[in-house]
Amino acid sequence: DDQDYTVFIGLIKKYLTGENPNKSTNRHKFKHLGDDVKLLSYCLMPNHFHLLLYQESEKGISQFMRKLATGYVMYFNNRYNRVGGLFQGRFKASLINSDPYLYHISRYIHLNPKEYSDYPYSSRKYYSRPESSPVWLTTDKVLELFDNSSEQYLSFVDDYVLSDTEIRNIESITAN
């Protein structure tokens, strides 16, 4: 529900900025990972999520994902009075080694929800207005591939409709 999405995004912010969203319970110290990893795009769905991360230091993504997943599982289990794991297996990651692959993956993430243009739990809205982007989201690495034009990027996203075959190909690439 909305609270679950808000907590997940709050944890992203917490680990990338060092700000604790729940200042009243600031008992625990946590490592700020914003110098180790940058979040370029995201989309949170009901049963999965996509994060496009740029690794600045060795093991940055692994550290960030471990903290994020652990924090969310602790919250979720507490809220829903459950125990045990929440996510199926380890996170999947792909090395993005070219600009076309980078902007294609960003587009794929932003097209994930059916009503993608106004989906509230996606970074797409920040690509339409980069000046409103939170400090924990780095839009410029993708937008610079489009001459820093949000209009060009959004046109690139909106003009593309993935076929079922293309979706399966992308999912098989990102699963490896």
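The lone criterion from (1) touching a residue at least 24 places away in the same chain (Cβ under 8 Å); (2) in a helix (DSSP H, G or I) left unmet by HIS50 is number (2). Can you name the number of the only condition in (1) open to solvent by 60 Å² or more (accessible area, probe 1.4 Å); (2) under 28 Å from LYS125 (Cβ atoms); (3) of a type outside the set (A, V, I, L, M); (4) in a loop (DSSP other than H, G, I, E, B) that PRO100 fails? PRO100 satisfies every listed condition except (4). For beta carbons closer than 9 Å, sequence separation of 6+ or different chains, a first residue in region 55-70 that is free of Cβ contacts under 8 Å to residues at least 40 places away in the same chain and over 10 Å from VAL37 (Cα atoms) and a second that is loosely packed, with under 15 Cβ neighbours inside 10 Å and aliphatic (A, V, I, L, M), the qualifying pairs are ALA69/LEU86.
Of the listed requirements (1) assigned to a helix (DSSP H, G or I); (2) within 16 Å of the chain's Cα centre (by Cα), GLU144 misses just one: (2). Here the condition is being of a type in the set (Gly, Ala, Ser), open to solvent by less than 70 Å² (accessible area, probe 1.4 Å) and at pLDDT 90 or above; of ALA93, ALA69, it holds for ALA69 alone.
Tell me, yes or no, whether region 81-91 has at least one residue that is within 23 Å of SER41 (Cβ to Cβ), in contact (Cβ under 8 Å) with a residue 24 or more places away in the chain and not aliphatic (A, V, I, L, M). The answer is yes; a qualifying residue exists. Scanning region 27-63 for residues that are at pLDDT 95 or above and of a type in the set (D, E, K, R) gives a single hit, LYS38.
The values are calculated or read from the model by the stated rules, or taken from the named source; none is laboratory data. Source: prediction; values computed, not measured. Every residue, glycine among them, receives a Cβ derived from its backbone with ideal geometry; neighbour counts consider all protein chains shown. The accessibility values were calculated without ligands, DNA or RNA, using every heavy atom of the protein model including side chains. Shrake-Rupley method; radii C 1.70, N 1.55, O 1.52, S 1.80 Å.
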